[in-house]
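A quick write-up on the structure given underneath.
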Amino acid sequence: MVLAYRLWFVTVAVAFSFSEIVASGFNSEVVKNVTRFDIVNDKLFITDSVIIQINNRSGEVFTNVNLSYHKSNPITQLDAWIEDHNGYIVRRLKSKDIIDVNAVSSSFYADDFTKKFSLKHNEYPYRICYTYNQTFRQFFSVGDWCPVFRLDMPTRAAKLIFTHPETFQVNINQKNIGQPTIYSHDGIVVMTWNASYNGDIQEEVFCPSTDYFLPQVCIEPIHFIYNVPGKNISWQSFGEWQNKLIEGLDILPESEKQAVLFQILNINDKKEIVRLLYHYLQDNTRYIDVYIGTGGLKPYPASYVSQHHYGDCKALSIYMKALLKNAGIDSYYTLVYASSQPRDIFEDFPSQQFNHVILAVPLEGDTIWLENTSNCNPFAYTSTFLQNREALLIDSFSKLIKIPPLQAYEVMEVQKMVFEVDYNGSANVQSNAVLSGRRFETFNYLLTNASKEEQNKYILEFLPFADFDLEEWNIIKYGRDQRSLELEAKLSLNQFARKLSDEFYFSFQPALIPEFEPASIRRLPVQLPYPIFLTDTLIYHLPKGAIIQSKPLSQSLNSNYGEYQLQVFESGETITILRNVLLYPGSIPVEEYVHFFDFLSRIKIADKQKILFK
Amino acid sequence: MNSIKVILSVWFEVLLAVSVSAQTKIEEFGMVTEEQLSMKSYNLDDQAEAVVISDIGSTSFYDMNNEFRMLFTRTTRIKILAKAGMAFASVEIPFYTENNELEKVFDIEGFTYNLDQEGVKRTKLQNNAIYEERISENLFIKKFAMPDVKEGSVIEFKYKVMSPFFFNLHDWEFQSEIPAIYSEYTVKMIPFYEYSYILQGAKKFDVFKNTHSSFTRNFNGIEYPDNVFTFGMNNIPAFRDEEYITSRNDYLMKLDFQLAVIHHSNGANIDVISTWPLLINELLKHSDFGLYMKGVERNAEEILAGLPLESKSPDEKARILTAYVKSNFNWNGSKSKFCSQSVKDFIKKKTGNSADINLFLCALLKSSGVQCYPLLLSTRDHGKVVIDYPFQQFLNYVIVTAIIDNTSVLIDATESLSPFGLLPARCINEKGLVVNKDKVEWLSLKDDAPSEEIDSIYIEVNTTGDSALIKVNMQTTGHRALDYRRFYLTDKDDFGKRFLNKDMVYADPISVINPTNIENPFMVTYEAITPVEIIGNKLLVLPFAGLTFEENPLKVGFRNYPVDMIYPLTKTFYCIIEIPKGYKFAEQNKNIAVDNALVRFSFSTEMLSDKVCVKGDYSFKKAVYLPGEYYTLKSHFSEIVEIFNYKIVLVKL
């Protein structure tokens, strides 16, 4: 088998030689990507071969190739070369041209590495070809294959070849790709998928994760050994394996046990104890992620956090679990995919589909979710990054459980703005916004973790005015477990009301609804992960003696996608506008987008009504 | 810039009178005071999220088997005042390798102190929590996160770096993103290396001491004491970064050291640098500079064969050769004044750093009979050049100056999209040094190339009056064209979005003329639908929709550092609005014109039978505005935002 595999390597190298190259409209494109996963003697051999065509100078970013790996699975037999437009090899990569550095990641430290090299030519189009091997002795996943390098870069032809002994059982999950061709020979099963991507998917406002629209094949062994033996038969069996990895880690050092119990002395209410211990965690630890060793699925023990007072999501969750256990409270290590847009879990494909760990604490009639990496989240707050999705509760009877969605009242933004309008057209504004949901999370994070100056910069960008002087601002948090905060700002607008011959006019503040693409260019469906709920009170004090000539009409708009109410009151020289906007959460198929956009346009028209005064 | 220069040498007493103020008392490593632990805020800066209590560094020389090594030690103590300050409890120590020699970081130690019920709690930084990373070919870092850090903690760490690189005596930054109570640097000089230093961001030291060590050392029979210099600063404010500045490097309060002379024990002295002419001579003899160019010249005939240079003027030759180098060789993004490879490798690999490319071009120009010189400069991110101090470290990049018809033309062949004679923005940083063995000459890097944008707009209001079709033709030159070309060629989709205001859509997709034809203006045309406001019997039409500032980009109220716009820009608008049937233009013609030292702008409207003509232009006259000019500039921006978003009113008849 190893011999066959070597031979294949040679044939691919030969097959790489082309004779005619024609540039397309893209700056660069993946002409061919062939990946092989071979299971031989319970080891996984990966071979990846890539041909990238560079069509012009702007496409040259891809002449810098970065190959990431972990040192337990080194990259071997790396070969790379350039072919000109006639298919001739212009230059081959020399080993001294390869630099090995630590991989760039968002982690504090990870022992992942990157092999970097760059190959350039001066006549377009030309092709960068490279191929390499990797060997895995231990693995819990064969591969998660998606032959898309960048959304704006097409992949003309991609092939995945997966060979394994008939006795090696796997689960396969695939999407946006045709069925594989399968044949067996001498007890070896060979599966082959073909895919392509035409480079036409782009991120759009509130679209589902773009992964949904790309070809993908995930292959998981049913039986595997990774640290300890595991089975991907059911969520229970997968959870059992994860459970073995965390077994015995949730023990506090003796010295800390007593100190922590002291914190909750004489407190009997279980929820109150959880709350106090969560505060203890927030005040005594911080988020520092260090990944050493393969996969990063085995957490550091509670004692590690005890010693350093920091850890990643896994370590901090284990530590919190230990704090609760010490107080006699059960909790569950819980795997989840944290993201602003919830990603569906493939329920009939038990496997590692998660990127984050939290803690579930069952209390009478209610389950509390604890995010242990945040030093500022309110107690038991399920953020927009966690809400409304399936999570896997780990114990010996692991199961998927739904984290409930945030309700409209939990994401509400209440804003009050008072304008003092002057006869020269300028205005002073007092703005008070009570924010919850996503904006609460942002400001809450800034308030705790950013310098005053960074907060100031953010607020200057956030305030929805074109030209203003910010005189004063304040972020007010009423208590550490409050799920909302208040943003207070005092500012002056240099130009507000515009003079039209002998009268003034101005527009009132439009609702802060995200700016969606017009229907003519929208390509992807909409997925609103939680409601958008805006309640505004706008008070305009016009100059003394002003006579109101025209004011907006009160109105209310309804559709399948949401509601909008506008009420306008006039009293002397003051106009008061009350406005509610509610956009319902959920998915809107792209065929229906034109109706959704039409609803938003009607809101815009209502919001654009003018106020005229003399 | 405030800078002073002192030559440090054991053989001469230093001629510098500095008030020696009381030095702040520094706690011993491993000890903390109650006062530091119970401190709740820093009285000189109540916004500080953390404050450096003390930052103490020193460099000394060690004789290791008859070879000197520099030992840098640093001890830093920081008070964490708020959770936001905990970022300063993660520490990174960079160290370098070059030519198989490596710096070594060792003896890292650290403690975190907290106050709890039982009193002071001290937590030690564990050795197994210190990590090492390789960032690039030459750069490594050691990193660690201090343990047990919370609001109120005092952290303290120290480390040593052993270095063989005498050219880089460790510089000292007194200032950082958080304020410091006391920062001090000591250098213990030996007779064999003589350094100069420059202090930036302050006029004098708060603490300055010069003593000799009480013991003497012996090297090759020469007996000497260490000559010890101590530089200290009290109450250093936080450096708070601002938008539109060249580089943090230009403003930070710091002390830079430069090797000046090497005194060999046999009595010979090597001036590392003393004058610009010496530096120029040395470069011309350097294998990765002058000799590289000679190498190109030797191969020039072969390279130039096939290029149509015969009977061409110097100007034509320079253009042909620049175009040849730009289209055949690629910049790898690395800035350097020294070549990174042999001429042969460069020709084979077709890619290289700024010196590989520009010295190659310079040599080709010379070989073809064009008078030209390399020109050294400091790129914007590298900081300003100090002409008074002849240190090659101040210059990090090389371009070409060609003398054509008695005028210097500056050429940087790394930027394939810039037209002949236009420098990319990274090079525009005060002055550059001509590498000419006959004279020292500095050329201004400011270019006079006009960076202009002219927008011609034609607007037709539709029959219902609620929207308008606008047809735009945009023409750009200079840096503006270069910026647009780069943008367009890397991301066509994003480029398209740039010209649409809220609620605008394209009626006819954007089309670009001369995307890569760099010697001609970069032009864009498109048609779009834009909303028109209806108020009673009036239509309000925005003449320059999507083409001008919608918001004032200067938002903060106060500024410490200059606003650097890189290049002066002029924008001109011509707009014709067709008056729809049944409407008239009822306003008085508007005519606004402002012209002063900082900006010029004008705006005018004029009725022409069934059309309204709107003309406008604005021009930022300076590339750099001083902090004192900030407020005026900000209010001019405010006027420009107002005037150029002025809506033309059409009234129903």
Search the stretch B:430-451 for residues that are aromatic (Phe, Trp, Tyr) and pair each with any residue that is not in a loop (DSSP other than H, G, I, E, B) when their beta-carbon atoms are under 8 Å apart and the residues are at least 6 apart or on different chains. B:Trp442/B:Lys431; B:Trp442/B:Gly432; B:Trp442/B:Leu433; B:Trp442/B:Val434
If I filter the stretch B:190-202 for residues that are open to solvent by less than 30 Å² (accessible area, probe 1.4 Å), farther than 30 Å from A:Lys71 by Cβ and within 14 Å of chain A (Cβ to nearest Cβ), do I get at least one hit? no
Report, by residue number, each residue of the stretch B:356-367 that is touching a helix residue (DSSP H, G or I) at 6+ places or on another chain (Cβ under 8 Å) and either outside any helix (DSSP H, G or I) or more than 17 Å from A:Lys120 (Cβ to Cβ) (or both). B:Leu359, B:Leu361, B:Cys362, B:Ala363, B:Leu364, B:Leu365, B:Lys366, B:Ser367
Which of (1) within 14 Å of chain A (Cβ to nearest Cβ); (2) open to solvent by less than 40 Å² (accessible area, probe 1.4 Å); (3) of a type in the set (S, T, N, Q) does B:Thr401 not meet, given it meets every other one? (1)
Across the stretch A:477-515, what is the number of residues that are within 11 Å of chain B (Cβ to nearest Cβ) and either under 26 Å from A:Val205 (Cα atoms) or surrounded by fewer than 15 Cβ atoms within 10 Å (Cβ to Cβ) (or both)? 5
Are there any pairs, at least 6 apart or on different chains, whose C-beta atoms fall under 9 Å, with the first in the stretch A:399-418 and in contact (Cβ under 8 Å) with a residue 60 or more places away in the chain and the second basic (Lys, Arg) and part of a strand (DSSP E or B), and if so, which? A:Ile403/A:Arg389; A:Pro405/A:Arg389
Select, from A:Phe62, A:Phe45, the only residue that is open to solvent by 20 Å² or more (accessible area, probe 1.4 Å), within 14 Å of chain B (Cβ to nearest Cβ) and in contact (Cβ under 8 Å) with a residue 60 or more places away in the chain. A:Phe62
Members of the stretch A:405-444 that are charged (D, E, K, R) and assigned to a strand (DSSP E or B): A:Glu413, A:Lys416, A:Glu420
Verdict on A:Ala110 being touching a Phe, Trp or Tyr at 6+ places or on another chain (Cβ under 6 Å), surrounded by 15 or more Cβ atoms within 10 Å (Cβ to Cβ) and under 30 Å from B:Ala87 (Cα atoms): yes
Scanning for something under 25 Å from B:Lys497 (Cβ atoms) and at pLDDT 90 or above, does the stretch B:585-597 turn up at least one residue? no
For the stretch A:89-137, which strands (runs of 3 or more DSSP E) that fit wholly inside it have 1 or more residues that are within 19 Å of A:Ser49 (Cβ to Cβ) and free of Cβ contacts under 8 Å to residues at least 24 places away in the same chain? A:89-92
Please list, ordered by first then second residue, the pairs with beta carbon atoms under 9 Å, 6 or more apart or interchain, first in the stretch B:349-360 and within 12 Å of another protein chain (Cβ to nearest Cβ) and polar (S, T, N, Q), second surrounded by 24 or more Cβ atoms within 10 Å (Cβ to Cβ) and assigned to a helix (DSSP H, G or I). B:Thr351/B:Ile357
I'd like the full set of residues that are basic (Lys, Arg) and over 16 Å from B:Val149 (Cα atoms), limited to the stretch B:101-133. B:Lys104
Specify which of the listed residues (B:Tyr646, B:Tyr631, B:Tyr625) is more than 28 Å from B:Thr464 (Cβ to Cβ), among the aromatic types (Phe, Trp, Tyr) and open to solvent by less than 40 Å² (accessible area, probe 1.4 Å). B:Tyr625
Of residues in the stretch B:295-334 being within 14 Å of chain A (Cβ to nearest Cβ) and part of a helix (DSSP H, G or I), the one nearest to the chain's Cα centre (by Cα): B:Lys326
Taking helices (runs of 4 or more DSSP H) that fall entirely within the stretch A:193-309, which contain at least 1 residues that are more than 14 Å from chain B (Cβ to nearest Cβ) and acidic (Asp, Glu)? A:235-246, A:254-263, A:270-284
Can you list the strands (runs of 3 or more DSSP E) lying wholly within the stretch B:153-232 that have 2 or more residues being modelled with pLDDT of 90 or more? B:154-163, B:180-189, B:207-219
Taking A:Ile605 as the residue in question, decide whether it is among the hydrophobic types (A, V, I, L, M, F, W, C) and crowded, with 18+ Cβ neighbours inside 10 Å. no
Inside the stretch B:133-152, the number of residues satisfying the requirement of being outside any loop (DSSP other than H, G, I, E, B), touching a residue at least 24 places away in the same chain (Cβ under 8 Å) and either out of contact with any Ser or Thr (no Cβ under 6 Å at 6 or more places or on another chain) or over 20 Å from B:Ala89 (Cβ atoms) (or both) is 6
Those residues of the stretch B:552-611 which are in contact (Cβ under 8 Å) with a residue 60 or more places away in the chain and basic (Lys, Arg), in sequence order: B:Arg559, B:Lys571, B:Lys584
Suppose we keep only residues that are at pLDDT 90 or above and over 30 Å from B:Glu316 (Cβ atoms) within the stretch B:483-505. Which one would you say is surrounded by the fewest Cβ atoms within 10 Å (Cβ to Cβ)? B:Phe487
Given the criteria crowded, with 19+ Cβ neighbours inside 10 Å and in a strand (DSSP E or B), does A:Ala391 qualify? yes
Might you check whether a residue that is assigned to a strand (DSSP E or B) and at the interface with chain A (Cβ under 10 Å from one of its Cβ atoms) occurs anywhere in the stretch B:492-505? yes
Of everything in the stretch B:233-248, what is at negative phi, open to solvent by 50 Å² or more (accessible area, probe 1.4 Å) and modelled with pLDDT under 85? Give them in sequence order. B:Arg240, B:Asp241, B:Glu243, B:Arg248
Identify the residue in the stretch B:547-568 that is closer than 30 Å to B:Tyr583 by Cα and within 14 Å of another protein chain (Cβ to nearest Cβ) and, among all such residues, is surrounded by the fewest Cβ atoms within 10 Å (Cβ to Cβ). B:Glu550
From the options A:Ile329, A:Ile345, A:Ile358, A:Ile318, residue that is β-branched (Val, Ile, Thr) and touching a residue at least 60 places away in the same chain (Cβ under 8 Å): A:Ile318
Could you tell me which numbered condition A:Glu454 fails, if it satisfies all but one of (1) part of a helix (DSSP H, G or I); (2) surrounded by 19 or more Cβ atoms within 10 Å (Cβ to Cβ)? (2)
Taking A:Cys146 as meeting all but one of (1) open to solvent by 30 Å² or more (accessible area, probe 1.4 Å); (2) modelled with pLDDT of 95 or more; (3) within 24 Å of B:Arg134 (Cα to Cα), write down the number of the exception. (3)
B:Val51 being at pLDDT 90 or above and either touching a Lys or Arg at 6+ places or on another chain (Cβ under 8 Å) or assigned to a helix (DSSP H, G or I) (or both): yes
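The values are calculated or read from the model by the stated rules, or taken from the named source; none is laboratory data. This one's a predicted model, so the numbers in the text were calculated from it and none came from an experiment. With ideal geometry, Cβ positions are generated from the backbone for all residues, glycine too; neighbour counts draw on all protein chains shown. These accessible areas exclude ligands, DNA and RNA; they are computed on the full protein's heavy atoms, side chains included. Shrake-Rupley method; radii C 1.70, N 1.55, O 1.52, S 1.80 Å.
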